[in-house]
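Below is one structure; the comments refer to it alone.
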Amino acid sequence: MNGGAETAHLLVVDDDARLRDLLQRFLTKQGFRVTAVADAAAARRAIAAMMFDLMVLDVMMPGESGLSLAESLRRDGNEVPILMLTARGAPEDRIAGFEHGVDDYLAKPFDPRELALRIRTILRRAAPAPSAQALPAAPVQLGTRWFDVERAELRGPEGIVRLTGGEAALLQALARHPGEVLSREEIAAALGTPEAGERAIDVQVTRLRRKVEADPREPRFIQTVRHRGYVLRPGP
């Protein structure tokens, strides 16, 4: 994964030919490499042939939906960041996207400049640069696993544990403040999605717990603090 906005290779998947062409031209002018396809089947062929840094994926398409494609990719271990486009911007639609492993959500109609801004935010999140103003954070122990805060990388006896960009950013935000309660609003701001609702953050936490906790229903490391938010409690 490149991580740099100017060299990032994007896959745009949308059955609307006019919007697809507009996005391809606009994002190319923004400095991205862009491959554009019309449906999930074409997206699968492109993914099999090339590496992408981020996918811009429409929800409603003929045949396989964007949500189904996203869920399938995550199930197969493909953690390419996904920005979902939808004509439906209700909170339940956002939550459905996050439940399927999507990193961010943008409702149609949208300003292309906002799309480019969100893409760059996700790419920075996927490959975080060390801060010159902060000391490097020490790795955090979570049972038999260790989380490298600076690289946003989770390792265990089985090797690297695959995290989506959103999951890695969430764990990174918590790990930078171990033992400190972060509100859902603070977490959303750290993820670069300040408009995300409380339920959307809860869904992201639930997904992350499945990869961190031995029993996600009885979390040991990522704990809920009622009426306040979440806290990371590292330990062996």
Problem - For residue 72, net neighbour charge (Lys/Arg +1, Asp/Glu -1) across residues whose Cβ lies under 10 Å away - result: 0
Exercise for the section: Report the extension gain between residue 65 and residue 144 in nm, rounded to one decimal, defined as 0.36 nm multiplied by the number of residues separating them, less their alpha carbon distance. Expected result: 24.7 nm
Completion exercise
Proxy exposure order for 155, 20, 94 (fewest C-beta within 10 Å first) is 155, 20, 94
Practice task
Please tell me the relative contact order of the chain in percent, rounded to the nearest whole number, where contacts are Cα pairs under 8 Å and at least six residues apart.
Solution key: 15
Completion exercise
Taking Cα atoms, the helix 40-49 axis meets the longest principal axis of the chain at an angle in degrees (rounded to 10) of 70
Exercise for the section: Only Lys, Arg, Asp and Glu count, each charged at its Cβ (+1, +1, -1, -1), so figure out the dipole size of the chain about its Cα centre, rounded to 20 debye. Expected result: 340
Completion exercise
Note, residue 202: beta-carbon cut-off 11 Å, +1 each Lys/Arg, -1 each Asp/Glu, net +2
Practice task
Report, in degrees rounded to the nearest 10, the 0 to 90 angle that the Cα long axis of helix 66-75 makes with the longest principal axis of the chain.
Solution key: 50
Handout entry: Farthest toward positive dipole pole in the chain [+1 Lys/Arg, -1 Asp/Glu at C-beta], among 122, 91, 10
Key = 122
Handout entry: Between helix 17-29 and the chain: long-axis angle, C-alpha atoms, 0 to 90°, nearest 10
Key = 60
Completion exercise
So, over other residues within a Cβ distance under 10 Å of residue 183, counting Lys, Arg +1 and Asp, Glu -1, the net charge is -1
Problem - Two-site FRET efficiency, residue 153 against residue 26, from Cβ-Cβ distance with R₀ of 41 Å, rounded to 0.05 - result: 0.80
Fill in the blank from the handout: The distance between the Cα centres of the range 1-60 and the range 187-236, in whole Å, is 30
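Readers should treat all values here as calculations from the given coordinates under stated rules, not as data from a laboratory. What you see is a predicted model; the values in this text were computed from it and never measured. All Cβ positions, glycine included, derive from the backbone under ideal geometry; neighbour counts span all protein chains shown.
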